[in-house]
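One structure is given below, encoded as structure tokens.
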Amino acid sequence: MPGLDGHVHPDTQAVSGDAPPAAVDEKLGDIIPPGIMFRDESGLMVDVRSLMDLPTIIAPVYFNCPSVCNILQSSLAKVLPQMALVPDKDYRVLSVSFDETDTPDLAARRKTNYLAAMDHAYPPEAWRFLTADKESIDRLMDAIGYRFTRVDKDFVHPIVVVAVSPEGKIVRYLYGNSFLPFDTAMALTEAAEGKVGLSLKRIVSYCFSYDPQGRRYVLDVMRIAGFVVLFGVAVLFFVLVRGGRKPRK
């Protein structure tokens, strides 16, 4: 299922333990606290919350990732120019690294690449690329409910972006590494209003369970079968009750 699979490179070692090494604990309605300091592309320290003075898309990534993080950000580079919303006026995007070894210099190079893919027509101030030490990273990732695990030089991690209001309120999670302009614009519009959106993740996660050996979410057939049986029993009970009632003369 897009966005629920933990991503890791195929030649890395397995993660021990039965708990999912990568997951999203949705924190809809929570406020991201101020005082979480990151470095921007130029190396200056910034409070992440200070960059959320507009509706904001947060993309948790790491800049040395050779696959899905690049796909995620390339998808953003494709979608953002297609929206009617005005960048750096109606919204802002933050690519936030959860790898403490990433540097501002690397962040700047990645930013240059994605802006080049947009023909440099996108205002640089509207898409920021941030790095930090592990303590600050852990604080921000905990605030948005994003759980990941390092495996050697790589990571097992979810694929998701988070929409946040100008007050720092978490309003929507968008899963997967590709987005439609409408979905992204709708999430940002809800963020502008501070309106918490509905989440499909809770429904999907009921039907998918984590396979620690394969490090991915798999279809839980037994759980779905149990749900179908219970639903069928409820429908049958309803039909019998309705059918057993005789109309009054």
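Some points to look at:
- Qualifying positions in region 27-45 - open to solvent by less than 40 Å² (accessible area, probe 1.4 Å), aliphatic (A, V, I, L, M) and farther than 16 Å from residue 100 by Cα: 32
- Note on region 122-145: among residues that are more than 30 Å from residue 84 (Cβ to Cβ) and among the charged types (D, E, K, R), the one that is most open to solvent (accessible area, probe 1.4 Å) is 135.
- Subset of region 56-95 (residues that are in contact (Cβ under 8 Å) with a residue 60 or more places away in the chain and open to solvent by 10 Å² or more (accessible area, probe 1.4 Å)): 64, 67, 68, 71, 75, 82, 83, 84, 85, 90
Residue by residue, here is whether (1) of a type in the set (Asp, Glu); (2) at pLDDT 95 or above holds:
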| residue | (1), (2) |
| --- | --- |
| 32 | no, yes |
| 37 | no, yes |
| 41 | yes, yes |
| 51 | no, yes |
| 64 | no, no |
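- Residue-level analysis places residue 194 among those that are open to solvent by less than 30 Å² (accessible area, probe 1.4 Å) and at pLDDT below 95.
The values are calculated or read from the model by the stated rules, or taken from the named source; none is laboratory data. Treat the numbers as computed from the prediction; the structure is a model and nothing was measured. Using ideal geometry, Cβ is built from the backbone for each residue, glycine included, and neighbour counts are taken over all protein chains shown. Each accessible area value is taken on the protein alone, full model and side chains, heavy atoms only, with ligands, DNA and RNA left out. Shrake-Rupley method; radii C 1.70, N 1.55, O 1.52, S 1.80 Å.
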